[in-house]
Amino acid sequence: MKIKHTLYIGLAGLLLFSGSIQAQEQPTLRKRADDLFARMEYAQALSIYERLVQGKKPQIIDIERVARGYLFLNQYKRAETWYARAVQTEGHSADALLGYAEALKQNGKYTEAKQQFLDYASQYGESEKIQREIIGCDSAVVWMASPLKYNLKNEQEINTDLAEFGAIPTSNGAIYAAEPKIGGEKSGMTGQAYLKVFSAARNAEQLTLPNVMPYSFNKSPYHVGPAIPNKDEDVLYITRTHPGKEVQRYKADGTRFRKHNLELMIYRNQGSDWSEESFAYNNVEQYSLGHAALSDDEETLYFASDMPGGYGGVDIWYSVKNSDGSWGTPINAGDVVNSTGDEMFPTVYGDTLYYSSDGFPGMGGLDIFMAEGKRSTFKNRKNLQYPINSASDDFSFVVMADDDDAFYGYIASNRPGGVGSDDIYSFNFAKPKIRILLKGITYDKKTNAVLGNSRVTLLDANGVEIVARQLSNAEGTFEFELTKGEGFKITAEQAGYMGDSTQVAAVLPLQDTTLNVALYLAPLKEKGDKIVLENLYYDFDKHNIRPDAALVLDHVVKVLRDNPTLKIELSSHTDSRGSDSYNMKLSQRRAQSAVEYIVSRGIAADRLVAKGYGETRLVNQCGNGVQCTDEEHQANRRTEIEVIDF
């Protein structure tokens, strides 16, 4: 089963290598990497593969495994860069093309992803999965153009650069699963500490005061969490990786593995601590079982499992409580809920089941769905669309209240703009009373002609979180609805062009209002096309890349990712002050520093040329000995990119 998310660790199992290497045999660097990769210890394997691919003739399988490893670890931008490199390398596999399409989709590049899925289908044949992915791309474009009126807020007081998810409200706040920042053994897959169950307080504004719960259930050596309480909060249903010697055994590629599966444990409050019992249908030698949810009357227990008898992958199952308090034999929730993919993280509110799936058309990774009914009689399955769902993994959707005045709760997501990895977000449904429209046109900066079919993205004021996205039409026009009192950033991109962006200030209108913008994209499609990189500055007499310069160069990285055949010269220029020879050397160092930064972001070095021109290409009359203003000299201190090949 493909691993795309931290919590798949348990459902795929904690893999331990059971083979042995004789003491006199020294494994090669590649053999060490291959063994780590086979054991799903991606964090360690990647550090070796990235050394291997720095050679003059890197092997395609190593490039593909770097790409695949980053995809598994949810580092989608790096995965896209490496997959783009892989599919341009002779001898790449069909999986590389499919992985490239998936990475593009996970990065929200739906038009490009759809084309790659179509290319894959034309080369390797149609399949249900490919059709589902294509439908998902088309749906995502529609949903992002008209986002539903949900407001999401990152719970920054409890989120870290590690994983937090599965927030469940309690009387005192919430409990959730997270990777601890300090102490504990680390997972070979993620390179981070094993999950534990945390608690947090809740005030009127946010969740706060996070702490690892100091109870025996957190003493398990591997992953612990997520957890849910009953209404009285004296019983906890906790998912964990089985810590004992009982394992699922299997062989792959001639190697024997032991797989520590997930199990569901039930803990009952005993005053100062909790007693432990195993859910009756755990079977760690054959399958995983976890992610529990209780119906409102607590007579039905839902959970996720890859036990035999499902529709494929991981399914949602349920057990009904018997008269003696025990749980009945598991029953599959049915094909309205389940698919040939994976379904997990169920929660229940009233007569609605919420859960996450990658087996139905969606925006990318895990999407959150809802279905009406109970047990195995569900109907009206529905994708919750954007912005509840995103191109990333979205899961652990729990409703705290749903009435005429309020609909709010928590979700988890690893979407861009969070604190890091999986984050917990609170959500509420908003109903704007005054309509604010942002209308705009995209242009070709060189010709001033209208430029249609540009990808236009509306971001928050910090330029981080995606609010909405659409393509400008054939006339170059686009339109977004804005939220009162909030500032935004808007960007436009298209293959073969350097994008443009602008800020949109917050407005507080008293009536419906329309704002207008124009965005100009500079072409980079033909040899000799040249543009100046605006706002890329160096400290006086220095060549190191400042943080603000890195942001500008990140745009260049994005252009190179979006145009995998593009090769450029990156040139640095000085003004005439200082000696000619010194300015030439300084400009070369600056150009080389910029190129090295771009390469560090995963772009192949042979696509870039660093060239310093010193003061040999002034754009005005300010040569040696000519008196000029600071502004005139600044015009000569610039960094340019020029197309070498496209």
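The values are calculated or read from the model by the stated rules, or taken from the named source; none is laboratory data. In this text, all values refer to a predicted model and were calculated from it rather than measured experimentally. FYI the Cβ positions are ideal-geometry reconstructions off the backbone, even for glycines, and counts take in every protein chain you see.
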Quiz item: Exactly one of (1) free of Cβ contacts under 8 Å to residues at least 60 places away in the same chain; (2) in contact with a His (Cβ under 7 Å, 6 or more places away or on another chain) is unmet by ASP575. Its number?
Solution: (1)
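Condition check: surrounded by fewer than 23 Cβ atoms within 10 Å (Cβ to Cβ), closer than 28 Å to ALA505 by Cβ, touching a residue at least 12 places away in the same chain (Cβ under 8 Å) and of a type outside the set (Phe, Trp, Tyr). Does GLY452 satisfy that? Show your work before the answer.
Working: surrounded by fewer than 23 Cβ atoms within 10 Å (Cβ to Cβ): yes; closer than 28 Å to ALA505 by Cβ: yes; touching a residue at least 12 places away in the same chain (Cβ under 8 Å): yes; of a type outside the set (Phe, Trp, Tyr): yes.
Answer is yes for this residue.
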Practice problem: Filter the strands (runs of 3 or more DSSP E) completely within segment 163-262 down to those with at least 1 residues that are surrounded by fewer than 18 Cβ atoms within 10 Å (Cβ to Cβ) and modelled with pLDDT of 95 or more. | Solution: 164-170, 196-202, 207-212, 235-241
Quiz item: List the pairs whose first member sits in segment 188-208 and is within 28 Å of LEU36 (Cα to Cα), whose second member is of a type in the set (Lys, Arg) and not in a loop (DSSP other than H, G, I, E, B), and whose Cβ atoms are under 8 Å apart, counting only residues at least 6 apart or on separate chains?
Solution: GLN192/LYS186; ALA193/LYS186; TYR194/LYS186
Quiz item: Which condition number in (1) assigned to a strand (DSSP E or B); (2) surrounded by 21 or more Cβ atoms within 10 Å (Cβ to Cβ) is the one that VAL320 fails?
Solution: (2)
Quiz item: Of the residues that make up segment 414-434, is at least one under 24 Å from TYR355 (Cβ atoms), within 16 Å of the chain's Cα centre (by Cα) and among the β-branched types (Val, Ile, Thr)?
Solution: yes
Quiz item: THR574 is checked against (1) surrounded by 14 or more Cβ atoms within 10 Å (Cβ to Cβ); (2) modelled with pLDDT of 90 or more; (3) of a type outside the set (A, V, I, L, M, F, W, C); (4) in contact with a Gly (Cβ under 9 Å, 6 or more places away or on another chain) and fails just one. What number does that condition carry?
Solution: (2)
Quiz item: So, in segment 335-383, of the ones that are hydrophobic (A, V, I, L, M, F, W, C) and touching a Pro at 6+ places or on another chain (Cβ under 9 Å), which residue ends up farthest from ASP402 (Cα to Cα)?
Solution: VAL337
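Would you be able to tell me the number of residues in segment 284-306 that are buried (at least 18 other Cβ atoms within 10 Å of the Cβ) and more than 30 Å from ALA401 (Cα to Cα)?
Quick first cut of segment 284-306, residues buried (at least 18 other Cβ atoms within 10 Å of the Cβ) only: 284, 287-295, 300-306.
Keeping just the survivors that are more than 30 Å from ALA401 (Cα to Cα) gives 284, 287-288, 306.
The total comes to 4.
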Practice problem: Quick one: VAL142 ticks every box in (1) free of Cβ contacts under 8 Å to residues at least 12 places away in the same chain; (2) in a strand (DSSP E or B) except a single one, so which number is it? | Solution: (2)
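Tell me which strands (runs of 3 or more DSSP E) are completely within segment 506-579 and hold 1 or more residues being in contact with a Leu (Cβ under 6 Å, 6 or more places away or on another chain) and not assigned by TED's automatic domain parsing to the domain that holds VAL619, or say none if there are none.
Details: elements: 513-523, 530-532, 567-573.
Qualifying strands (runs of 3 or more DSSP E): 513-523.
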Practice problem: Could you check how many residues of segment 86-120 are closer than 23 Å to HIS555 by Cβ and within 20 Å of the chain's Cα centre (by Cα)? | Solution: 13
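Listed here are the residues, each with its yes/no results for (1) without any contact (Cβ under 8 Å) to a residue 24 or more places away in the chain; (2) out of contact with any Pro (no Cβ under 7 Å at 6 or more places or on another chain).
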| residue | (1), (2) |
| --- | --- |
| ALA474 | yes, yes |
| GLU479 | no, yes |
| THR483 | no, no |
| PHE488 | no, yes |
Practice problem: Take segment 132-160 and flag every residue that is in contact with a helix residue (DSSP H, G or I) (Cβ under 7 Å, 6 or more places away or on another chain) and under 26 Å from GLY420 (Cβ atoms). | Solution: ALA140
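For segment 514-524, does any single residue satisfy the condition of being surrounded by fewer than 20 Cβ atoms within 10 Å (Cβ to Cβ) and modelled with pLDDT under 90? Outline the logic, then answer.
Our first condition is that a residue be surrounded by fewer than 20 Cβ atoms within 10 Å (Cβ to Cβ); within segment 514-524, this holds for 514-518, 520, 522-523.
Filter once more, so that each one left must be modelled with pLDDT under 90: none.
The answer is no; no qualifying residue exists.
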Quiz item: Out of LYS558, LYS585, which single residue is of a type in the set (Lys, Arg), without any contact (Cβ under 8 Å) to a residue 40 or more places away in the chain and over 13 Å from ILE644 (Cβ atoms)?
Solution: LYS585
Quiz item: Among the residues of segment 590-609, is there at least one that is touching a Lys or Arg at 6+ places or on another chain (Cβ under 9 Å), at pLDDT 90 or above and farther than 30 Å from PRO58 by Cβ?
Solution: no
